[in-house]
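Data block below; observations after.
The values are calculated or read from the model by the stated rules, or taken from the named source; none is laboratory data. Note that the structure is predicted; figures quoted are calculated from it, not measured. For neighbour counting, all protein chains shown are included, and Cβ atoms are generated from backbone atoms with ideal geometry for every residue, glycine included.
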Amino acid sequence: MVLAKHVNPEELLEQLQRTDGKIHRHHAQQENVGNFLTPYSSRYNAQHEISKFRIPQNGAPADAVHQMLKDELDLDGRPNLNLASFVGTYMEREAEALMVENLAKNMSDADEYPAMMQMHARCVSIIANLWGAQKGETAIGTATTGSSEAIHLGGLAMKRRWQEMRTAEGKDVLKPNIIMGANAQVALEKFARYFEVEARILPVSEKSHFRLDPELVKQSIDENTIGVFVILGSTYTGHYEPVEDISNILDEYQAKTGIDIPIHVDAASGGFIAPFTHAQAGGPKWDFKLPRVKSINTSGHKFGLVYAGVGWIIWRDEKMLPKHLIFELHYLGGTEESYTLNFSRPGAQVIAQYYNLIHLGFNGYKAIMENALHNARLLSKSLEATGWYTCVSDIHRKKGTYTYAGSQDAVLGKEDETSADYNAGLPVVAFRFSDQFKKEYPHVKQEAVSKLLRMKQYIIPNYPLPPNEEKIEILRVVVRESMSLNLLDKLICDTIEVTEGLIQADAFHLSALYSAATTIEKSHQSAGKDAKARHKQDGMAPFGLLPPDLVPLLHEFLRRDDPSSGSVGAGDGDWRAHASDEDLVIESWSQGFLVGSLIIMAAITIANMRRKVLLHKFILLEQLMAMSHGTFCFMDFKGYGWYLSGTATLLYLSWIVHNLVAWMKIKPFFIDRRSMFKQETGIWVRNIYLSTLALTVPVNIFQIFNNFRFFNNINNLYTYVRPYEPLIRDPWWVFTCLTLFHVIRKCYGTGFVELIRKSPRFGILLAAILLSMSFTALDIVASIHNFIGSTDGINPWWKLSLVFKCLTDTIMLDDFKTELKRLGIIRIQKQEERRNSVALVLDDKEERELEFADALNTNPARYHDLNNFNWNNALNPTDDPQGRLRHASMENSRSSEARVEPHNGNAMRGTKIGRLPGLRSFGFENIKPGKKAKADGHADDEERGSATEEQIRDNGNHIGGGIGKQCAPDERVTNMPSSVDAIDFQTRQEGY
Ligand SMILES: Cc1ncc(COP(=O)(O)O)c(C=O)c1O
């Protein structure tokens, strides 16, 4: 029996209830609930179930339904232990009573509930004054359902004002943009998307304390910027963003350009903290005291201390709220103005807000906020004192200090200290494992802390920081007013207990904790890398590409869930643990692609390999070494990390060999007169080429070392160096290939197109270079930003780049000199043929075929075999006039072959072109008889160099005899200057 199948519980129950082909269901609403046999019969009768998906025909008694729903809701987490949320979970009994009494009141019925509307207006006024409303301005605002709605209204007002201003100036309004940090809450991004404004999301970093960086704001604004969203209290870490600094930058910009860019402050949490605490917003101004701050929002249901359902937006002056957004309603007998997105909204929450404001007063709020900050500091310091954790939030560090100085720094403050002694921020504790902890216990993952604390009923999310810093995962506790010192004490004890347990557990047992989903409160980005980062967290497919049935198979195949696999441990180098399902598919595909392509290229190399040609052996070696690194995703054994890095070592060696091959190819061309450089410069370039190439060796060794340390979870340095790897890998071979093109262009005077048309292999070579470089660029981007493929190099891009890089060698197996010579010989042969056959031998089409064949044949000695000469005709040249001409041509061709055929006649067995006679055997004037054909430093030439003067003369005579009948040598010389350029290697050797 197969046990591993999906069980649908609904179907299962239906099956069990099915007797005699009918479903016998007892619904709670059926009459037998009126059974009085036991006091519990109506509520707990096990035969009754609640209708789930369709409305029942008949209702059910209130007490029964109440009890059943209550029982089900008991499965929820406890709001008070939901330490992930900023939203209030406690209100006093009196406030609750007020709310219950006014639950039925709707904010949209202003005329019906004037008293409630008065309270609403008072709240707006109180909050506006708390936020520094200025004399001479008429602040205006409204309650909303939360900060999200308020943010959308603030954004809309900015967009409309910008449109009106631009239209008045006769400018276009087509491309509005808005600035925000990558740490922005989803509501801000939603505004941009829903209301068609380009969101310029600026990266955050440790340096900017994971919040909007004023410098980046400066670089990102322009005339189309409708405003800047500045967050007072980042959802991730609780840091306040520097409103005043950003305001100053916008002031400077306005002074320079005349463009006035407003600020909207998203003070969802901070709006009810900063005004009350001693720390304020850390010194600088953040509210309406800054003229550039045009609107501010807050969530009444966060630190406004009301239950969920109320937010606030205030504009500093009614002029800031464009008339266009205000609707005048004549409804239910009255006239009212509406500028909210929702029409009906709960009134009870507004009443509760007013209750809090007047019941607590300024000092009440102040005491609560100071207390929350104190508790948050206590938690932060306790966590850091363990040495296991370090805080990413900074509210527990002395004002102006932002670095963790070690556990000894975690001392509790003096009795009378206040938040003013510390960095300002939300009472949020964002913490992570300390570096020391990660080093000592690499098998423990942070998400396990979240999961184990969940078992103790605390809800504490573990999630990655915003894009750009997503490598850092944090656990986050929002210290709300409802967290008593007693509860805090318990939380600290439980966290320590859980961490101790994790330290003692072995990797195998812990692995069970790592696969299931973690809830992340902040997981707003819906596509691209952010979705991917979220996915990596919660184990769901980001794009839903994979059929669910395939996923377990994939995991099994790629050892995803096998605790004995991975790179032994649970650190960053354990790439499988971090990879999404799509990553696994892409990785296995790309490794297969790498190995497959390299096998084919190796086969081609072997098939074309010629004896004594070292170059070919190197090319094969390069391919074989790189191949090994396309296998690790299928491996699974202890010490797997060593295997991964071992094959990576071969890959690094393969790069070095590739560059060695590039050197062997380019060697003759540095001081050549056709090279890109003058002779003296050429020597310099050669020296630079060689010395920098030599320098890559220690850097490669360093990175091999880093690779071992990373994939065995010892150290992360590898990831920082990785984006720079192309610098130690690519410049040499790319330079070599480009030099080849340059020399060919110079020799033949042909453009790229002509060259590619003549010899398609150059087209393929060029395409391979371009593709390789493009994939390298993608690899670099992927190593910095996590889009497809992770920043640790587990991505398809470098593999694609490598395949096309190796292709450049496979396409040009021979050294360039041989390649050029081959082209030169073909060219001469063709010119000779044309001359000899007086254009009758080949028609246009034949000629094209010939040239194509030329380009494909590495051995011009086989040229005629492949062009199907009519040998019968050729043997009886007198039979027809064309035959005679062909005969002449054939004679000439044979003489060429004789030149081409080595003396031992083994051309068909793969004679090196290097053995072919050089141009001086054509008897050109620049050839000095008596001088031995000298090698130019290349192995091929060593062999060619053995040609004796006699042989040269022989060849010269032979050729001269054959060709001279048709065309005088001098004439040929003038006719073939470019050919001379191409193959006359002898004369350019001087001085080298
Ligand atoms: C900075 C920030 N802005 C906006 C919001 C959205 O607020 P609301 O849930 O009240 O719509 C939140 C919620 O956490 C927040 O932290």
| task | Tell me, yes or no, whether the range 171-186 has at least one residue that is more than 15 Å from the ligand (Cβ to nearest atom) and in a helix (DSSP H, G or I). | result | no
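A quick yes/no check of all residues on (1) surrounded by 16 or more Cβ atoms within 10 Å (Cβ to Cβ); (2) at pLDDT below 95; (3) within 16 Å of the ligand (Cβ to nearest atom); (4) outside any helix (DSSP H, G or I):
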{"residue": "138", "(1), (2), (3), (4)": "no, yes, no, yes"}
{"residue": "149", "(1), (2), (3), (4)": "yes, no, yes, no"}
{"residue": "152", "(1), (2), (3), (4)": "yes, no, yes, no"}
{"residue": "201", "(1), (2), (3), (4)": "yes, yes, yes, yes"}
{"residue": "210", "(1), (2), (3), (4)": "yes, yes, yes, yes"}
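Being assigned to a loop (DSSP other than H, G, I, E, B) and either surrounded by 13 or more Cβ atoms within 10 Å (Cβ to Cβ) or within 14 Å of the ligand (Cβ to nearest atom) (or both) is the requirement here; does residue 357 meet it?
Values: assigned to a loop (DSSP other than H, G, I, E, B): no; either surrounded by 13 or more Cβ atoms within 10 Å (Cβ to Cβ) or within 14 Å of the ligand (Cβ to nearest atom) (or both): yes.
The answer is no for residue 357.
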| query | Which ones in the range 89-108 are in contact with a helix residue (DSSP H, G or I) (Cβ under 9 Å, 6 or more places away or on another chain) and in a loop (DSSP other than H, G, I, E, B)? | reply | 89, 90, 91, 92, 102, 103, 104, 105, 107
| Looking at this structure, is residue 132 more than 16 Å from the ligand (Cβ to nearest atom), in a loop (DSSP other than H, G, I, E, B) and closer than 12 Å to residue 316 by Cβ? | yes
| query | If you take the residues of the range 302-328 that are in contact with a Gly (Cβ under 7 Å, 6 or more places away or on another chain) and part of a strand (DSSP E or B), which of them is nearest to the ligand (Cβ to nearest atom)? | reply | 311
| said: From the list 232, 216, exactly one residue is assigned by TED's automatic domain parsing to the domain that holds residue 167 and buried (at least 20 other Cβ atoms within 10 Å of the Cβ). Which is it? | reply: 232
| remark: Result of the Cβ filter at 7 Å on the range 602-620, keeping first residues that are of a type in the set (Gly, Ala, Ser) and partners that are part of a helix (DSSP H, G or I), at least 6 apart or interchain, is 602/620; 602/623; 602/624
| message | Against the definition (touching a Lys or Arg at 6+ places or on another chain (Cβ under 9 Å), hydroxyl-bearing (Ser, Thr, Tyr) and assigned to a helix (DSSP H, G or I)), how does residue 645 come out, yes or no? | response | yes
| query | Can you name the number of the only condition in (1) more than 29 Å from residue 210 (Cβ to Cβ); (2) more than 16 Å from the ligand (Cβ to nearest atom); (3) modelled with pLDDT of 95 or more that residue 368 fails? | reply | (1)
| field | Test for residue 296: is it away from the ligand (no atom under 16 Å from the Cβ), in the same structural domain as residue 141 (by TED's automatic domain parsing) and assigned to a strand (DSSP E or B) | value | no
| remark: Subset of the range 212-259, residues over 21 Å from residue 320 (Cβ atoms), more than 16 Å from the ligand (Cβ to nearest atom) and within 26 Å of the chain's Cα centre (by Cα), comes to 213, 214, 215, 216, 218, 219, 220
| Can you name the condition, by its number, that residue 193 falls short on among (1) away from the ligand (no atom under 16 Å from the Cβ); (2) assigned to a helix (DSSP H, G or I)? | (1)
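Going by the conditions given, is residue 99 under 30 Å from residue 428 (Cβ atoms), away from the ligand (no atom under 16 Å from the Cβ) and not basic (Lys, Arg)? Spell out how you get there, then give the answer.
Working: under 30 Å from residue 428 (Cβ atoms): yes; away from the ligand (no atom under 16 Å from the Cβ): yes; not basic (Lys, Arg): yes.
Yes, satisfied.
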| query | Given the residues 335, 340, which is the only one that is under 26 Å from residue 98 (Cα atoms) and at pLDDT below 90? | reply | 340
| task | Restricting attention to the range 668-688, report how many residues are surrounded by fewer than 21 Cβ atoms within 10 Å (Cβ to Cβ) and either in a helix (DSSP H, G or I) or among the hydroxyl-bearing types (Ser, Thr, Tyr) (or both). | result | 10
| task | Scan the range 611-635 for residues that are modelled with pLDDT under 90 and surrounded by fewer than 17 Cβ atoms within 10 Å (Cβ to Cβ) and jot them down. | result | 611, 612, 614, 631, 634, 635
| said: When you scan the range 221-232, do you find a residue that is touching a strand residue (DSSP E or B) at 6+ places or on another chain (Cβ under 8 Å), closer than 21 Å to residue 293 by Cβ, hydroxyl-bearing (Ser, Thr, Tyr) and assigned to a loop (DSSP other than H, G, I, E, B), even just one? | reply: no
| said: Checking residue 159 against (1) charged (D, E, K, R); (2) farther than 16 Å from residue 263 by Cβ; (3) in a helix (DSSP H, G or I): exactly one of these is not met. Which one? | reply: (2)
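Can you tell me which residue in the range 260-273 is nearest to residue 395 (Cα to Cα), limited to those that are in a loop (DSSP other than H, G, I, E, B) and more than 13 Å from the ligand (Cβ to nearest atom)?
Within the range 260-273, the subset in a loop (DSSP other than H, G, I, E, B) is 260-262, 267-269, 273.
From what's left, more than 13 Å from the ligand (Cβ to nearest atom): 260-262.
Details: 260: 33, 261: 30, 262: 28 Å.
Checking each candidate, the answer is 262.
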| request: Go over the candidates 401, 418 one by one and state the one that is touching a residue at least 24 places away in the same chain (Cβ under 8 Å), surrounded by fewer than 21 Cβ atoms within 10 Å (Cβ to Cβ) and polar (S, T, N, Q). | output: 418
